[in-house]
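In what follows, a structure is listed as structure tokens, so that the remarks can point back to it.
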Amino acid sequence: LALLLALARNLTRADRTLRERKWEKTKLTGVELTGKTLGVVGLGKVGGHVAKVARALGMGVLAHDPYLSVERARDLGVQLVELPHLLEQSDFITLHVPLSDKTHHMIGAPEFRRMRKTARLVNCSRGGVVDEVALVASLRRNEIAGAALDVFEKEPLGDSPLLELDNVI
């Protein structure tokens, strides 16, 4: 949730530019969360909690989890959908899945092309769930608006083009 908020409000860029003595307030306003749609992929303990808090912030929540029952989705107040629909309709997408053969690079070039140009991706699950090469290409082509990551395919991150992009936290 902290990454989601920081990404929505451009907090890291705003902090950095202010420390560089630049005043770019209007360029870095960001977006409101209220009224936006959050897509949650993986509705276990963490994903379920994120969905509840997002609803409290006034967000609509779409969810994709092949193991989630309709009853549990109803209890969480989320709309259970297939992944392509979630990618196409979400303003923010957050990942909460384990790394497995099924989830390795589950978000890659085809998935980025499905997303809105204003979409922002948060990966707090596992490195390798997102194809980082495809993510960098998508961000450079402005196919999506930004990404916040706290896991990487290779850790520690080292020399990565992700570090060169202003729209990545």
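General remarks:
- Sum of -39500 (n - 2.57) over DSSP H runs of 4+, divided by residues of the chain (222 nm, nearest 500): -9000 deg cm²/dmol
- Principal-axis tilt of helix 45-56 within the chain, Cα atoms, nearest 10 degrees: 70
- Förster-model FRET efficiency, 35 Å R0, R113 and K52, C-beta, rounded to 0.05: 0.70
- Cα-centred dipole magnitude for the chain, charges only on beta-carbon of K, R (+1) and D, E (-1), debye, nearest 20: 620
- Rg/Rh ratio calculated on Cα atoms of region 1-114 (Kirkwood radius): 1.04
- Placing a pseudo-label 7 Å from each Cα along the Cα-to-Cβ vector at D101 and S160 gives an inter-label distance of 2.6 nm.
- Residue-normalised accessible area of region 32-90, given per residue in Å² at a 1.4 Å probe: 52
- Y67 paired with T12, simple spin-label distance in nm, labels 7 Å along Cα-to-beta-carbon: 2.9
- Considering only V41, T29, V53, the residue lying farthest towards the positive end of the dipole of region 1-57 is T29, judged by Cα position with unit charges set on Cβ.
- Positive-pole candidate from S138, N10, P156, dipole of the chain, charges at beta carbon: N10
- Carbon and sulfur %, accessible surface of the chain computed with the full protein complex present, 1.4 Å: 53
The values are calculated or read from the model by the stated rules, or taken from the named source; none is laboratory data. All figures in this text were calculated on a predicted structure; none of them were measured in a lab. Cβ coordinates were reconstructed from backbone atoms using ideal geometry, including for glycine residues, and neighbour counts include every protein chain displayed. To get the accessible areas, we keep the full protein, side chains included, count just its heavy atoms, and leave off ligands, DNA and RNA. Shrake-Rupley method; radii C 1.70, N 1.55, O 1.52, S 1.80 Å.
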